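See below for the structure under consideration.
Throughout, read-outs are computed from the coordinates displayed, never taken from laboratory work. Values in this document were obtained by computation on a predicted structure and should not be read as measured data.
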Amino acid sequence: MSVSAVNATTAPTETYQSSASAAQQAEKSSLESLNQDFDDFLVLLTTQLQNQDPLEPQDSSEFTNQLVQFSQVEQQINSNKKLDTLVQLQDLSLTSIALGYIGMNVQIEGNEFNYKGNGAYEAFYTLPAGGAETVEIKIFDDQGQEITRIPGSAEGGKRSIVWDGKNSEGNPVEAGDYKITVNAFDAEGEPVSTQTSITVQIDGIESIDGQVLLTADDIYIPYGAIQAATLPPEAVEG
């Protein structure tokens with residue numbers, strides 16, 4: 001489920017604060033327990049030293065080993081505390097970066113998209129460096145019915161597809177889910193590999209299992225899936 005731009009600014013922050021609070025509480029509890037055990041150990045050590053037989057003093061090596069173990073445990077707890085702090089700072093940094101994507105158009109790999117019902121829609125396809133002989137671009141509705149065909153360039157590289165939001169008869173289509181297919185062929189009629197990318201507008205962010213994800217049209221998008229990002233035309237014109 002996607003979240004709105006307003007909620008997106010608070011939900012990940014609350015998650016971060018909750019995680020930070022839990023980590024701090026765990027560290028505090030561990031240190032308090034260690035300090036209590038160490039105090040008990042010192043009391044026991046002092047009592048034994050006071051009551052030992054001067055003619056047969058106890059071996060101090062065992063006490064020394066226990067002191068070393070206490071020191072090692074304390075160092076480990078402090079190291080974990082520093083690592084947790086670094087992780088929390090990294091999560092907060094990623095959240096801040098994600099907030100900057102809200103309202104932007106991003107390109108991600110795929111061929112199914114949600115058309116808002118107004119204006120043109122832009123998608124992309126990529127051909128090998130050698131290009132192709134012919135390219136067929138088709139738009140289908142959510143029932144699998146072909147809506148229209150769009151001419152496309154057969155040159156190699158990344159190319160833009162601009163659909164005007166109309167069917168083959170020139171009538172505007174309704175808002176909804178659509179699919180775009182790009183089929184390319186060489187001079188012998190053999191298929192040429194293609195990669196299709198769609199454009200979605202980021203409408204929020206969400207933190208799931210500690211990972212900050214962008215949301216758009218009820219889909220979750222990790223940072224690594226973004227191929228490009230641009231401001232929407234209305235924002236540029238404004």
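Details
- Cα-based Rg of segment 105-201 normalised by 2.2 N^0.38 Å, two decimals: 1.06
- What separates the Cα centres of segment 96-173 and segment 183-201 is a distance of 12 Å.
- The alpha carbons of segment 147-238 stretch over 50, 32, 26 Å along the principal axes, in descending order.
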